[in-house]
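Here the structure is laid out as structure tokens; the discussion comes afterwards.
The values are calculated or read from the model by the stated rules, or taken from the named source; none is laboratory data. Predicted model, so just to flag it, every value in this text is computed and none were measured. Cβ placement follows ideal geometry from the backbone for every residue including glycine, while neighbour counts extend to all protein chains displayed.
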Amino acid sequence: MIPKKSEMFNHWGLSQETVFLNHGSFGATPVSVMEEQGRIRRLMERDPVHFIEKLSNEMWQDSVWELSRFLNADPEGMLFVANATTGVNTILRSLDLSEGDEIIVPDHAYQACRNAIDFVTNRSGARTVVVRIPFRIDDDSDIIDPIMSAINEKTVLAMIDTVSSPTGIRMPFEKLVEMIQERGVDVLVDAAHGPGIVPLDVDKLNASYITGNCHKWICTPKGSAFLHIREDKRSGVKPLVIGHGHSSELAPNEKFRLEFDWTGTRDPSPWLCIPHAIKHVGSMVHGGWTEIMERNRQMAIFGRDLICEALDTTPPTPDFMISSMSSVEFPSNEDIKSIPLDGDPIHNQLYDDYRIQVPVISWPNHNSKYIRISAQLYNSKEEYKYLSDSLISILGL
Ligand SMILES: Cc1ncc(COP(=O)(O)O)c(C=O)c1O
């Protein structure tokens with residue numbers, strides 16, 4: 001029987017029949033935010049020209065300001081992109097790499113972003129330096145030390161996650177940005193899991209570049225993300241799509257904005273929903289976003305502990321490295337291959353037989369396989385108990 005839902009479940013349009021424990025992959029948009037998107041789209045179609053040439057510009061500016069306020073960022077450097085993959089590509093493909101240059105990336109990085117690094121290093125004779133980080137971690141130094149040891153005079157950039165995708169580790173990104181940049185190396189922060197899952201102060205962080213999704217943890221419609229470029233780096237970055245702005249003779253800061261803001265006709269509604277989503281989701285609990293992040297973190301720890309018990313293992317990281325996601329490895333002696341095209345068998349069985357949506361991730365690099373849970377306000381403790389009981393049945397534990 002499908003377990004009881006949280007009292008906040010009805011804010012979302014999720015299926016009653018599914019136990020949805022994978023907010024991390026693509027987020028989930030609350031009903032009120034979908035309604036706001038519908039309202040904006042209807043407004044657009046009343047007079048598309050007036051909307052695109054006038055109204056949406058004001059709303060866009062408002063979104064830039066609200067997100068900048070939420071993240072304590074300089075609005076002049078705050079750009080909108082469709083997703084973190086685009087943000088990462090925008091920076092990497094603007095780099096003027098020379099033969100022998102090195103880009104550092106920990107092996108917990110998201111594969112699409114790692115591919116983008118390989119693409120730009122391969123074509124320029126530069127080198128991708130993949131830093132191996134263990135899965136089981138006792139302390140920050142298990143992550144910081146190998147990354148810092150990989151830096152040398154050829155290093156031009158390091159890409160650092162806020163929260164790693166396959167392993168759900170809240171990275172010590174604040175310390176890493178400071179330490180790496182002190183060595184004269186730029187950092188590109190991949191905050192795909194950033195706004196709404198970890199406290200982010202972009203100004204204080206002072207990374208050269210940071211990109212992050214709004215459509216994951218602040219629950220905006222899919223296709224809304226940001227890219228923030230520090231002032232001294234702005235003249236070196238071009239959007240992936242060259243449009244009208246390229247030939248404009250505006251002042252540099254206005255040209256920069258036009259180049260990124262107008263990359264051709266598109267539906268701006270996902271970004272225009274950002275102010276509403278920040279306010280709406282933030283008002284679901286008394287303590288606002290600080291409380292949401294802490295509640296979700298406590299729920300992820302609760303779920304992780306149940307899974308560890310079911311799999312007869314121990315928590316792989318200290319609790320301070322947990323945000324709203326947590327991964328636990330399956331005990332196994334078999335050789336781990338990439339996920340088959342038709343999906344991992346445990347994932348499929350959890351979904352087909354128990355209606356649980358949760359990712360099971362193969363990581364051949366570390367010869368391991370993980371289950372990664374997410375926690376969002378719509379989840380209940382009963383759902384994690386149901387997952388751990390289902391794992392016990394499936395695996396015959
Ligand atoms: C660390 C990390 N980077 C990048 C991405 C890509 O996000 P998107 O598909 O929105 O571009 C993800 C997606 O889960 C991720 O976890």
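The sole residue among VAL198, VAL131, VAL163 that is within 16 Å of the ligand (Cβ to nearest atom), in contact with a Lys or Arg (Cβ under 7 Å, 6 or more places away or on another chain) and under 22 Å from SER368 (Cα atoms) is VAL163.
For ALA28, only one of the following conditions fails: (1) among the hydrophobic types (A, V, I, L, M, F, W, C); (2) assigned to a helix (DSSP H, G or I); (3) within 16 Å of the ligand (Cβ to nearest atom). What is its number? That leaves (2) as the condition not met. Condition first: among the aromatic types (Phe, Trp, Tyr) and more than 18 Å from GLY24 (Cα to Cα). Now tell me which residues in the range 347-397 satisfy that. TYR354, TYR386 - these are the residues of the range 347-397 that are among the aromatic types (Phe, Trp, Tyr) and more than 18 Å from GLY24 (Cα to Cα). Any residue at all in the range 62-74 that is more than 23 Å from HIS193 (Cβ to Cβ) and more than 16 Å from the ligand (Cβ to nearest atom)? Yes: the range 62-74 contains one or more residues that are more than 23 Å from HIS193 (Cβ to Cβ) and more than 16 Å from the ligand (Cβ to nearest atom). Do you know which of the residues in the range 147-156 that are out of contact with any Pro (no Cβ under 8 Å at 6 or more places or on another chain) and under 27 Å from THR317 (Cα atoms) is nearest to the ligand (Cβ to nearest atom)? That would be ALA150. Could you tell me whether the range 179-190 includes any residue that is within 11 Å of the ligand (Cβ to nearest atom), surrounded by fewer than 19 Cβ atoms within 10 Å (Cβ to Cβ) and not aliphatic (A, V, I, L, M)? The answer is no, given that none of the residues of the range 179-190 is within 11 Å of the ligand (Cβ to nearest atom), surrounded by fewer than 19 Cβ atoms within 10 Å (Cβ to Cβ) and not aliphatic (A, V, I, L, M). In this entry, GLY288 is excluded by the filter for residues that are in contact with a Ser or Thr (Cβ under 7 Å, 6 or more places away or on another chain), among the small types (Gly, Ala, Ser) and more than 27 Å from MET44 (Cα to Cα).
Could you say whether any residue in the range 307-316 is among the small types (Gly, Ala, Ser) and surrounded by fewer than 18 Cβ atoms within 10 Å (Cβ to Cβ)? No: zero hits. A search for C-beta distances below 6 Å between a residue of the range 74-86 that is part of a strand (DSSP E or B) and any residue that is within 7 Å of the ligand (Cβ to nearest atom) and modelled with pLDDT of 95 or more, counting only pairs 6+ apart in sequence or on different chains, returns VAL81/ALA225.
Evaluate the following for LYS204: is it within 15 Å of the ligand (Cβ to nearest atom), surrounded by fewer than 24 Cβ atoms within 10 Å (Cβ to Cβ) and farther than 22 Å from HIS108 by Cβ?
Judged against the criteria, LYS204 is not a match.
Highlighted here are the helices (runs of 4 or more DSSP H) found entirely within the range 101-215 that include at least 3 residues which are over 21 Å from the mean Cα position of the chain (by Cα): 111-124, 141-149, 173-182. Out of ASP96, ASP145, one residue alone is surrounded by fewer than 16 Cβ atoms within 10 Å (Cβ to Cβ) and farther than 24 Å from GLU231 by Cβ. It is ASP145. Is it true that MET171 is farther than 25 Å from ASN253 by Cβ and within 16 Å of the ligand (Cβ to nearest atom)? Yes, satisfied. Within the range 215-237, the set of residues being away from the ligand (no atom under 16 Å from the Cβ), touching a residue at least 60 places away in the same chain (Cβ under 8 Å) and under 18 Å from ASP190 (Cα atoms) comprises ILE229, ARG230, ARG234, VAL237. Residues being surrounded by 14 or more Cβ atoms within 10 Å (Cβ to Cβ), on the phi > 0 side of the Ramachandran plot and touching a strand residue (DSSP E or B) at 6+ places or on another chain (Cβ under 8 Å) are represented in the range 345-366 by at least one member. Given the structure, is LEU14 of a type in the set (A, V, I, L, M, F, W, C) and either in the same structural domain as LYS381 (by TED's automatic domain parsing) or without any contact (Cβ under 8 Å) to a residue 60 or more places away in the chain (or both)? For LEU14, the condition - of a type in the set (A, V, I, L, M, F, W, C) and either in the same structural domain as LYS381 (by TED's automatic domain parsing) or without any contact (Cβ under 8 Å) to a residue 60 or more places away in the chain (or both) - is met. Does ASP138 satisfy the condition of being more than 11 Å from the ligand (Cβ to nearest atom) and in contact (Cβ under 8 Å) with a residue 60 or more places away in the chain? The answer is yes for ASP138. Only one of these conditions is not met by SER332: (1) surrounded by fewer than 18 Cβ atoms within 10 Å (Cβ to Cβ); (2) without any contact (Cβ under 8 Å) to a residue 40 or more places away in the chain; (3) assigned by TED's automatic domain parsing to the domain that holds VAL198; (4) of a type outside the set (Lys, Arg). Which number is it? Against the list (1) surrounded by fewer than 18 Cβ atoms within 10 Å (Cβ to Cβ); (2) without any contact (Cβ under 8 Å) to a residue 40 or more places away in the chain; (3) assigned by TED's automatic domain parsing to the domain that holds VAL198; (4) of a type outside the set (Lys, Arg), SER332 comes up short only on (3).
Restricting attention to the range 203-214, the residues that are among the small types (Gly, Ala, Ser) and touching a residue at least 60 places away in the same chain (Cβ under 8 Å) add up to 1.
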